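Comments concern the structure below.
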Amino acid sequence: MTNQYNFQNQVAVITGGGNGIGRATAIMMAEAGAHVFAGDVNHLEENRETFSRLEIVEIVCDVRQESEVQALIEAAVSKYGKIDILVNNAGIGLVKPIHQVTESEWDACIDTNLKGTFFGCKHAIKYMLATGGGAIINTASNAGLLPRVHDPVYSISKHAVVALTESLGLCHGKDNIRVNCVCPGPVGETGMMNDDLANAADPEGLTQLMIRASPIAAAHRRMIKPQEVASAICYLASKDALMVTGTALRIDGGKSLGVPPQGM
Ligand code: NAD
């Protein structure tokens, strides 16, 4: 995939930047010239060489902890005096019917996917207001547009991320702060997808079911790539999207346009 973006002198913070969509975004933005700070609850040794070549600063950050999100954003601001781009991408899944969900599972899912996004917006917007604007991109999901039968709590968390995006897009347009989200899925080569497949009784059957649920993915006989979501995030962060705010951009091959096949 060609990198068409120019983020020279831009400062970008990405949560969940150690793997999957977040890592692909960190690499794409850094290759386009951005100073990238990648926060993740896990340190992945396999990123060391690429991150060091691209000068991506890796910071251990659990987005459920406000102080850690604040510290991540302040690391960027204290080095460069500003934050231009925030990607609230950290997220976890929860595949369970509602009557089997424990309080701690509910908290983990909602706190990671929604509260972490709130913390990111809260602390980035404070600095963006002081420097004349910025761009925030939240990673929601096709599950944020169309509820699914197998993961209701995840879907609730992502619907809320779409609502947060629209609400803050409305509140901060006047401040030149754009707030958008991407709604991907199914994305292969990600920890989330690998976990779902590892827990499935028939991983190959589930793979084919997921591909069939997305018309364009089915046409290409494959899942969406993390880089294809990263590219959409880069577009929303770029000057090309100067007049775009409050959108929920589907990167799901049409999955959220209709009811998925039986079994999903
Ligand atoms: P992934 O598991 O590869 O990446 C998620 C990253 O978030 C990991 O590096 C993980 O360590 C990190 N993370 C998890 N909890 C965290 C926490 N509390 N604090 C900080 N970091 C944390 O999976 P992915 O698919 O790349 O997920 C990225 C985002 O994309 C998530 O928000 C997910 O909900 C969303 N998404 C994924 C798919 C898909 O099909 N894979 C579809 C739609 C939306």
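The values are calculated or read from the model by the stated rules, or taken from the named source; none is laboratory data. Being a predicted model, the structure only gives us computed values, none of them experimental. Cβ sites come from the backbone with ideal geometry, for glycine too, and all protein chains shown count toward neighbours. All accessible areas refer to the heavy atoms of the entire protein, side chains included, with ligands and DNA or RNA removed. Shrake-Rupley method; radii C 1.70, N 1.55, O 1.52, S 1.80 Å.
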Subset of the range 33-61, residues touching a residue at least 40 places away in the same chain (Cβ under 8 Å), under 14 Å from G22 (Cβ atoms) and open to solvent by 20 Å² or more (accessible area, probe 1.4 Å), comes to D40, V41, E58
Expected single match for of a type in the set (K, R), open to solvent by less than 70 Å² (accessible area, probe 1.4 Å) and either in a loop (DSSP other than H, G, I, E, B) or without any contact (Cβ under 8 Å) to a residue 60 or more places away in the chain (or both) among R148, R178 is R148
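Among the residues that make up the range 163-176, is at least one of them within 15 Å of the ligand (Cβ to nearest atom) and touching a helix residue (DSSP H, G or I) at 6+ places or on another chain (Cβ under 8 Å)?
Yes, the range 163-176 has at least one match.
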Those residues of the range 126-147 which are over 25 Å from S231 (Cβ atoms) and touching a helix residue (DSSP H, G or I) at 6+ places or on another chain (Cβ under 7 Å) amount to Y127, L129, P147
If you go through V69, V87, the only one that is assigned to a helix (DSSP H, G or I) and either within 12 Å of the ligand (Cβ to nearest atom) or β-branched (V, I, T) (or both) is V69
If you go through K122, K115, K126, the only one that is assigned to a helix (DSSP H, G or I) and near the ligand (Cβ under 10 Å from one of its atoms) is K115
So the helices (runs of 4 or more DSSP H) completely within the range 199-264 holding 1 or more residues that are touching a Lys or Arg at 6+ places or on another chain (Cβ under 6 Å) are 215-220
Going through the range 28-44 in order, the residues found to be modelled with pLDDT of 95 or more and either more than 10 Å from the ligand (Cβ to nearest atom) or outside any strand (DSSP E or B) (or both) are M28, M29, A30, E31, A32, G33, A34, H35, V36, F37, V41, N42
Residues in the range 1-27 that are assigned to a helix (DSSP H, G or I) and open to solvent by less than 20 Å² (accessible area, probe 1.4 Å) total 5
